[in-house]
Each structure stands twice: as structure tokens, then as C-alpha cells.
1. In deg cm²/dmol and to the nearest 500, what is the mean residue ellipticity at 222 nm of the chain if only DSSP H runs of at least 4 residues count, each as -39500 (n - 2.57), divided by the residue total?
2. Determine the alpha carbon to alpha carbon distance for each of 27/79; 51/79; 8/76 and list only those over 20 Å.
3. Each label point is 7 Å from the Cα along the Cα-to-Cβ direction; what then is the distance between the points at residue 68 and residue 119, in nm?
4. How far is helix 2-12 tilted off the main Cα axis of the chain, in degrees rounded to 10, range 0 to 90?
5. Pop a pseudo-label 7 angstrom from the Cα along the beta-carbon direction at both residue 41 and residue 3 and give the gap in nm to one decimal.
6. Normalised by the residues of the chain, what does the relative contact order come to in percent, with Cα pairs under 8 Å and at least six apart?
7. Placing unit charges on C-beta atoms (Lys and Arg positive, Asp and Glu negative, everything else neutral), compute the dipole magnitude of region 1-42 about its Cα centre in debye, rounded to 20.
8. So for the chain, taking the charge dipole from beta-carbon charges (+1 Lys/Arg, -1 Asp/Glu), which of 110, 75, 11 sits furthest toward the positive end?
Amino acid sequence: LAEAYFEKIINLYPKDFQVYYNFGKHKQNLLQYNQALEYYNMAVNIDSTKKQTYYNMGFCSMQLNDYNSSLLYFTKAIKLDNSFLMGYHARAYVYELSGNKIKANTDWKNCLMLNPSYIPALEGLNR
């Protein structure tokens, strides 16, 4: 039912960022990460200024173990908003997963500059 609804909305509003973003989020919530990335890509082709879209793309890529793409997406989100705490957190986590402790620590420190009592960053630096 949701699929048919989204397809109908896309046909009505083929140039609407929010339609593709929402469908991507729906696919992400269903753990259909490849399909989510397809819709997020369509969304950023319409409007590439939304940090949350790149963050979600980074998350989907991380879930697919595509750490290089994930890092690129999280970096794009951070470039759009250099005070995006969750962007730094996610990128630090992926750096850890890919074995780059130095870059992970840099991002954990960035988290602490934004929020000095941010527990995940404190824990990340102590691993």
C-alpha cells in the first residue's frame, strides 16, 4: 500500500525533493538500503543542500559495509553544517570500523568541541 502511495505521489510531483526523501526514508526504515540510496540520490539531484539526506545516505552505505561511500556522505553532511554533531559522531564511528583510529579520534574531539559532555565521544576516545 505504501509503495503504491509513493509511486502515485512521485507521478504527481516528479520534481519534489520531499517526495523522494520520504520514499528513501521509508525504504531505509524497511532496511532496504540499496533502494533507499536510489531515492536519496534522486532527492539530492533536486536539492543538494540538505544535510540529513547525506547523513541518511551515509547510514545506508555503512549498513551495506560500503565505508568509503559512507565517509563521503557523512563528510558532505558536515560540509553543509560544520556544527552537525551526529555527522561527526557517525563519521568517527565509520573511521573506527575501517581501522582509522587517528581520524576517528579527530572526529570524537570535534564532537566534544560541540558538546563537551558528549558521552559517546568520551567513550570513543577511551577505546
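1. On the way: 8 runs with 99 residues, N = 127.
Only helices count here, giving -24500 deg cm²/dmol.
2. On the way: 27/79 25 Å; 51/79 8 Å; 8/76 31 Å.
Beyond 20 Å: 27/79; 8/76.
3. It is 3.7 nm.
4. 70
5. 2.0
6. Values: 149 pairs, mean separation 17.9, N = 127.
Value for the chain: 14 percent.
7. Working: 4 positive and 4 negative charges, 15 e Å.
Its charge dipole is roughly 80 debye.
8. 110
Since every read-out is calculated from the coordinates, none of them should be taken as a lab result. What you see is a predicted model; the values in this text were computed from it and never measured. Counting neighbours? That spans all protein chains shown, and the Cβs are built from the backbone with ideal geometry, glycine included.
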